[in-house]
1. Per-residue counts of other Cβ atoms within 10 Å, averaged by peptide: what ranking do you get for 10-19, 135-144, highest first?
2. Given the Cα-Cα distance of Thr128 and Lys80 and 0.36 nm per residue of separation, how much length would full extension add, in nm?
Amino acid sequence: MKLFDQKYMTTALISVIFLLSFGLGTATIQQSYWRLNTYNSYNHISSYLIGAGHEYLPSNVNYNYVKIDGPRELIYNPNKINISDKTINTQVVKFHFDTKKKPVTVELPLFYYKGYQAKVTGPGSCSTPKLSPHGLVDITLKNTGTVTVRYRYTVIQKVSLAVSIVSLGTLVYFFKKTGSTGFFVSLKCMFSIPMWMKSPLMQFHNCLTFIFRDQT
């Protein structure tokens, strides 16, 4: 039908798809208002929201250990460390500590993923966050200070974002340079991969997907 040979047809199609996707997404949220959690409810763990399609869990996670619906608390030996001024929310875990000059391990109420970083204010020190025996985050503290633990994007996440932005910019460049017809021809060429190359490319894609998921 040569619809895309007509002026502005490609732009109109993309606009319709975007508006339709946005509208359906908004309608889904409105229909599922009961799925939304208030900020205060974050302090309690619901066993129905652990895993169950919401997030990948580390293999070390003991489901019976984390499924109890209760406050998210730091796990530590009070005889070895004094902890005060605790702040635990969706953005940060922060507290003041005094280990009496001996190293002490504290387990945080966070599922372990690569990307957590700890920073200490004061004369004390903190180890790099690591995987606890329960699949949560462990940090080892020493002396006294205030520790702040946040999640930061890993290197591979930043590289992936940069590749996505460059790819989008490349597509926009080809669209403007060749017009709608040439743009779709370029897409067709991109997906017209010889059979002998498809298997290695798929393996490479699966490998990158696995690495990206592991790093998050």
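1. On the way: 10-19: 11.6, 135-144: 19.6.
Going by the mean number of other Cβ atoms within 10 Å, highest first, we get 135-144, 10-19.
2. Working: separation 48, 0.36 × 48 = 17.28 nm, distance 1.99 nm.
Separation in residues times 0.36 nm, less the Cα-Cα distance, equals 15.3 nm.
Quick note: the coordinates plus some simple rules give every number you see, no bench work behind them. As the structure is a prediction and not an experimental result, all values here were calculated from the model. Cβ sites come from the backbone with ideal geometry, for glycine too, and all protein chains shown count toward neighbours.
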